[in-house]
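First comes the structure, then the notes that go with it.
Derivation of every value follows stated rules applied to the coordinates shown; laboratory data play no part. In this text the structure is predicted, and so the values were computed from the model without any measurement. All Cβ positions, even for glycine, are placed from backbone atoms using ideal geometry, and neighbour counts span all protein chains on display.
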Amino acid sequence: RESLEIEEILQTTVKEVQKLLEADRVVMFQVWADGSGTVVQEAVLPGWPVVLGQDILDPCFQEQGYVEQYRLGRVAAIVDVEQADIKDCYGEFLQSLGVKANLVVPIMVRENLWGLLIAHQCATPRQWNSFELDLLQQIANQIGIALAQAKLLEQETRHTQELARSNAELEQFAYVASHDLQEPLRMVTSYLQLLERKYKHQLDANAEQFITYAVDGARRMQSLINDLLDYSRVTSRGQPIVEVDFNMIFERAIANLKFTIEESSAIITHDLLPIVMADPTQLTQVLQNLIGNAIKFRGESPLKIHLGAVKAEQTQEQLPIPHSPLPTPPNEWLFSVSDNGIGIESQYAERIFVIFQRLHGRSKYPGTGIGLAICKKIIERHGGRIWVESKPGQGSTFYFTIPEKVGKQS
Ligand code: ADP
């Protein structure tokens with residue numbers, strides 16, 4: 001039951017049952033929809049005919065309705081094939097395999113007959129006792145459960161593969177679309193700009209304004225395309241995941257935001273920062289986006305930003321992991337970027353991580369709404385999660401986890 005390697009389970013079962021019952025042969029016979037079947041596993045003592053792999057299309061088996069009976073839970077024990085009250089054709093069939101006595105139990109997968117677990121005695125007739133019958137039946141039940149689980153796993157694996165394939169396709173689509181849109185757009189922008197420069201004084205005020213709008217629209221489209229390209233490259237252009245000092249990540253993010261930080265007079269503090277497994281460039285991008293947002297969406301009071309880092313394992317109990325979709329498993333670092341800015345209404349807590357979703361007009365807060373979507377994709381590439389905890393007017397805390405050791409490589 002602990003293994004999902006179904007072949008191995010079936011093989012071990014016939015081997016062990018053969019030893020346990022001291023039978024001459026134990027087989028697993030898989031029954032097909034038309035009533036025929038195949039011997040898919042066999043453990044047989046030397047000297048007796050090997051039937052493994054044999055397809056058995058026995059008209060007798062089909063005609064006498066045995067399949068239906070097994071489906072209804074029939075268990076059959078024959079003490080002596082030569083003396084047994086069985087159809088001639090069945091007796092002949094068993095004798096052709098050298099069988100003197102047998103024990104047969106159905107293997108059901110949910111309500112369907114999957115096959116039969118069969119013990120053969122070839123040397124002599126054999127009186128089977130109730131313990132042996134019970135044992136075989138219980139084993140057949142366990143096999144049924146294992147087969148059902150393996151089927152589920154197979155479906156899930158197929159589903160996951162399908163999802164991965166369609167994700168890759170979507171990424172490819174986003175890349176091609178954004179990449180190929182750039183060229184014609186560049187043309188639109190440059191001809192519009194040429195028009196603006198060359199005919200500036202020959203056009204009336206309205207025309208000039210229209211051109212300005214058009215240039216502005218084209219520029220915005222350019223930046224959306226660039227964002228889409230960045231987004232599609234998170235997985236395809238990711239660098240290897242390596243050991244990296246979070247202090248270095250923090251310093252880089254701060255350096256990249258130097259002017260914005262100075263201009264906003266933000267006070268940024270942080271906990272002791274650990275070493276994690278990450279793609280340094282991408283992790284810097286996450287931190288930079290989160291700190292950049294904390295600055296952009298600041299409120300009236302002097303801006304304070306804190307970068308927290310706790311090892312989830314050590315503080316599991318005391319940790320207030322707010323609204324995390326999953327309990328934080330051990331061996332992760334939980335980082336937080338908190339601010340005392342404008343905050344977010346809880347109903348938007350998930351939406352803001354969706355590509356191009358934002359809660360404000362461009363005039364008040366510039367941006368395209370890609371930042372958090374990229375953060376989410378990066379964190380997920382590392383096998384972590386990201387979420388926000390916030391109340392309007394009371395600041396926001398963005399949380400993200402990074403596994404301590406091995407990150408998910410893609
Ligand atoms: P952008 O900053 O370009 O709008 P993001 O994806 O980074 O794109 O953010 C999406 C939206 O989430 C923002 O438009 C804003 O409404 C909200 N948001 C992000 N960070 C914060 C924050 N620290 N405080 C308040 N709102 C935020």
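Results, tabulated for the structure shown:
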| item | result |
| --- | --- |
| Diffusion coefficient, µm² s⁻¹, Stokes-Einstein with Kirkwood Rh over alpha-carbon pairs of segment 3-43 at 4 °C and 1.567 mPa s | 119 µm²/s |
| Euclidean distance between Cα centres, segment 34-95 to segment 383-398, Å | 65 Å |
| Loop-located trypsin sites (Lys or Arg not before Pro) in segment 1-61 whose Cβ has at most 16 other Cβ within 10 Å (DSSP) | 1 |
| Pair-distance profile P(r), taking every C-alpha pair of segment 32-100, with 5 angstrom steps and integer % | 3, 14, 21, 27, 24, 9, 1 |
| Gaussian network model of the chain, springs between alpha carbon atoms under 10 Å - residue of 232, 265, 396 with greatest fluctuation | 265 |
| Compactness of segment 90-146, expressed as Rg and Dmax over alpha-carbon positions, Å | 12.7, 35 |
| 20 °C / 1.002 mPa s Stokes-Einstein diffusion coefficient of the chain, Kirkwood radius on C-alpha pairs, µm²/s | 78 µm²/s |
| Within the chain, longest stretch free of exposed chymotrypsin sites (Phe, Trp or Tyr not before Pro) [DSSP loop, at most 14 other beta carbons within 10 Å] | 33-198 |
| For segment 1-137, Kirkwood radius (reciprocal of mean inverse C-alpha pair distance, Å) | 15.1 Å |
| Proximal aspartates and glutamates relative to residue 377, as straight alpha-carbon distance under 15 Å, when same-chain residues fewer than 8 apart are discounted | 171, 227, 230, 279, 350 |
| Which listed pairs, of 311/391; 296/391; 296/364; 304/376; 258/296, have C-alpha distances above 19 Å, in listed order | 311/391; 304/376 |
| Relative intensity, log₁₀ I(q)/I(0), of segment 163-213 from a Debye sum that treats every alpha carbon as a point, q = 0.18, 0.29, 0.30 Å⁻¹ | -0.65, -0.99, -1.02 |
| Cross-link partners of residue 87 among lysines (Cα-Cα below 26 Å; sequence separation of 8 or more within a chain) | 100 |
| Distance histogram for segment 145-280 (every C-alpha pair counted, 5 angstrom bins, percent rounded to whole numbers) | 2, 8, 9, 9, 9, 11, 13, 12, 9, 7, 5, 3, 2, 1, 1, 0, 0 |
